[in-house]
1. Go through the stretch 79-130 residue by residue and tally those that are surrounded by 12 or more Cβ atoms within 10 Å (Cβ to Cβ), touching a residue at least 24 places away in the same chain (Cβ under 8 Å), in contact with a helix residue (DSSP H, G or I) (Cβ under 7 Å, 6 or more places away or on another chain) and over 26 Å from residue 11 (Cα atoms).
2. Using the structure shown, decide if residue 144 is more than 30 Å from residue 279 (Cα to Cα) and either under 14 Å from the mean Cα position of the chain (by Cα) or surrounded by fewer than 16 Cβ atoms within 10 Å (Cβ to Cβ) (or both).
3. Identify the residue in the stretch 45-78 that is modelled with pLDDT of 50 or more and touching a helix residue (DSSP H, G or I) at 6+ places or on another chain (Cβ under 6 Å) and, among all such residues, is surrounded by the fewest Cβ atoms within 10 Å (Cβ to Cβ).
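The values are calculated or read from the model by the stated rules, or taken from the named source; none is laboratory data. Computed from a prediction, not measured in an experiment: that's the story for all the values here. As a convention, Cβ positions derive from the backbone with ideal geometry for all residues, glycine included, and neighbour counts pool all protein chains shown.
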């Protein structure tokens, strides 16, 4: 039996949303989350999907890579249509402070057109509206809403700023949603499966990443990613268990010296925290050792690019 390929895997995500050969998937996604009506022939993709493995590079390890090029690789997918530029980001592991990171990517994309244009410094005609969405494998907001979209508005009247130049959305996969089309997308992202009554473009997306429809090289990369994730999960859980045990031992020792209950609680929390931290570090190192993409390691572990770059040099 063939394994299920999840859309949240790095290869599958890029194959779905950075693939010029399947623009209907992108068209459907933009309509469902941004209410943008775009024609398939107007969709342009920065860095279209390719199965060539991407090398783990950073400013520290590759001085020839300039900062603008590095920042471009951190955004998962950038799509350009007549109405706007759109960035789609997938983040499975919690990364603090995530909202600041999302806003940075949004504004960086917004200003990039002006930075690369030849118009005079005081002319801003090259600036286009930017829409951003982060698909999250963790809960970012303290309520039960799965999807939300932010834009500028008047604090007194609520009137939106026109034109609407900056829009940023978040879709949290762990929360239930009542929006019927979002239910279809959420099921697809979480399981790789779509319902029979899902829109045609979603059924096309599911077929596209089915294991038997992948090329031999794509299967090899998916298998390697799955193996690395299994190793990473094992290392992570072991570190958590060890941290839990160390925390209990420290708690008992401290509790005997200065208040049993308080010492046990503090020692447990400290040991568990240290175990989690070390587990994440070892997870990242295992993924790098398996040759997985640098940006994928950042995404899965929640570490910063600088932290992963330092681990790659250990």
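1. Residues meeting the conditions: 2.
2. no
3. Looking at residues that are modelled with pLDDT of 50 or more and touching a helix residue (DSSP H, G or I) at 6+ places or on another chain (Cβ under 6 Å), I get 51.
For (1) under 23 Å from residue 10 (Cβ atoms); (2) at pLDDT below 75; (3) in a helix (DSSP H, G or I); (4) not assigned by TED's automatic domain parsing to the domain that holds residue 93, each residue gets a yes or a no:
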| residue | (1), (2), (3), (4) |
| --- | --- |
| 203 | yes, no, yes, no |
| 250 | no, yes, yes, yes |
| 273 | no, yes, yes, yes |
| 296 | yes, yes, yes, yes |
| 299 | yes, yes, yes, yes |
